[in-house]
Every structure is written in C-alpha cells, then in structure tokens.
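Beneath this line is the structure, given in structure tokens, with notes to follow.
The values are calculated or read from the model by the stated rules, or taken from the named source; none is laboratory data. Note that the structure is predicted; figures quoted are calculated from it, not measured. Here the Cβ positions follow ideal geometry from the backbone for every residue, glycine too, while neighbour counts run over all protein chains shown. Calculation scope for accessible area: heavy atoms of the full protein, side chains included, ligands and nucleic acids excluded. Shrake-Rupley method; radii C 1.70, N 1.55, O 1.52, S 1.80 Å.
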Amino acid sequence: MRGENGWLAVFRTLQEAFGPQEWWPAQSPFEVMVGAILTQNTAWRNVEKAIANLRAADALSVAVILALPESDLAELLRPSGFYRIKTKRLLALCQFLEAQGVGAVPEQIARQAAVPALRRDLLAVHGVGEETADSILLYALGLPVMVVDTYTRRIGGRVGLLGDHLSYTEVQAAIEAELVPGDAAVRNALHALLVSLGKDYCRPRPRCDTCPLNTRCAYAAGRCRPRQPEQP
DNA sequence: TTCCCGTGCG
DNA sequence: CGCACCGGAA
C-alpha cells in the first residue's frame, strides 16, 4: 500500500514484482548449511556445482564428509572456489554438528528461546561468521533471524535506508525493528527478495531502468544513468 | 587490509 | 580479457 516507507515498503514492492518467495534451494537443513559455507563471497552457480559433486558422491551428510579424506573433499568442493579454505570450514561445521549430536535432524534442537546461545555456538565454529550463522538459523532451522548480506547493504544504501560503515549488528537491528517479532517467514521472504533484486537489478553496475524499486530509490533518481556519458 | 580461488559473464 | 560473486580469517 502507499504510505509505507521503509523495508516493509521494499518488501511489498519486491513481492509484487517477483512473487512470493519461500527459500533456500536445498533438499535438507544440512544441505542449507553446506550451501551457507560454500556461498561465502561466491556466485551461487558455482556452489551448485560443488553441491552436485557432494550429492553424486553421496556425501551430503555429516558422517560421510567426516569420513572422507580431506583431499577428496577438497576436490569435490573445488568448483565453489576458495576450496582449500572451504574444506576446512565444512569439516569444522561437521565436527560441530557431530559434537552436538544433531547431524541427522539439526532442526529439532532449535527453539526460539535458544537462539542467542545457538548463534554464539555457531560463531565459535571456524569459518562461520555472522551472515553464515544467521543463514543457518533462518534457512536451515527456520528461526526468525534476519540475514544481512552484501546485497542487503547495497540495496539499503542505494534506496536510502542504510548509511555506510554500519556494523552487521546495526544493519540487522535496523531491519528487525520493522519486522513482526518471531515471524521467520517474512525474514525468509525478504532476504530472498533482496538477493533476487541484488543479482538481477541492484548490481554493482545497476540496472535502474527496469528495477522494481526505481520509483522510490534515491540512487535511481540521482546518480544512476542508463549509460555512461558519451566520450568527449 | 589482504588473502583465499574457480567460474561465467560483459 | 577483467570483474564480481548470498564472507571470514589471518
């Protein structure tokens, strides 16, 4: 509706443009976690290749991955880039899950009241930072946690909802303040919509001419030009 | 701040 | 070819 201004207005506009989102392309909570590690600073299409390798090797489980020779695991992860580092990180995550005793059904231990402690424990895992931890909480465990990523910052900055140099926590709090507490679905959908916009429109070199937000975006109204000025 | 790294697009 | 990619650690 008209009259909304902040992230909720962005949410509604994007949902009208892209349709309802129910996200994370994965077949299990564990696969979500794997994807969350592999997609760090990496195009999703490359992550898909690595996950396909894992699936083909029947290695989409904690037990199998932990039993795999590290060099073999690295070879499976290779297409996702940063593969030696990601091998270490995925192993660290699997060791954590095994220690938790939740390798098979991790979502069952997740209750909303336990979110802060669970987030803290995830952050203690090598290779799990704030975005990865929150992606796991939201998309693997279904908990109402807003995920902040590079798209969120870029879009928020351009539309005038976020300043520069804000910490992860500050950005997250700014968005959370507009969302219904406890509603995981809206956080899931909003982040998914932001990713969709970020990939296809609000890119480093933006496509403002066809962007669903271009009528309300400060960037589109100002600095965004359909093409570079002609050469002198 | 710099490094980690393959991949597909412009 | 060069650039950017659903970051995090050193």
> Just how much of A:E98 is accessible, in Å², when a 1.4 Å probe is used and the result is rounded to the nearest 10?
Replying inline: 120
>> Need one number: the % of Cα-Cα pairs in region A:29-140 sitting beyond the 21 Å mark.
In response: 28
>> Going Cα to Cα from A:K199, which lysines come in below 20 Å? Please leave out same-chain ones fewer than 8 positions away.
In response: A:K49
> Considering only the other residues whose Cβ falls under 15 Å of the Cβ of A:A56, what net charge follows from Lys and Arg at +1 and Asp and Glu at -1?
Replying inline: -2
> When all protein chains stay in place, what accessible area (Å², nearest 10, 1.4 Å probe) is found for A:S61?
Replying inline: 40
> With chain A treated as a Gaussian network of Cα nodes joined by springs under 10 Å, which of A:N188, A:N53, A:N41 yields the largest mean-square fluctuation?
Replying inline: A:N41
>> Pick from A:G19, A:G163, A:G222 the residue whose mean-square fluctuation is largest in a GNM of chain A, springs joining Cα atoms under 10 Å.
In response: A:G222
> Among A:H191, A:H165, A:H126, which one shows the biggest mean-square fluctuation in a GNM of chain A, springs joining Cα atoms closer than 10 Å?
Replying inline: A:H165
> Using unit Cβ charges (K, R positive; D, E negative) and no other charged atoms, how large, in debye to the nearest 20, is the dipole of chain A about its Cα centre?
Replying inline: 800
>> From the helices alone, meaning DSSP H stretches of at least four residues, give me the mean residue ellipticity at 222 nm for chain A, per-run term -39500 (n - 2.57), in deg cm²/dmol to the nearest 500.
In response: -15500 deg cm²/dmol
> Could you sort A:S135, A:S71 by accessible area so the largest value comes first, with the probe set to 1.4 Å?
Replying inline: A:S71, A:S135
> By how many nm would the segment from A:A92 to A:R55 grow when fully extended, if each residue of separation counts as 0.36 nm and the alpha-carbon distance is taken off?
Replying inline: 11.4 nm
> Could you state the per residue volume, in Å³, of the convex hull enclosing the Cα atoms of chain A?
Replying inline: 144
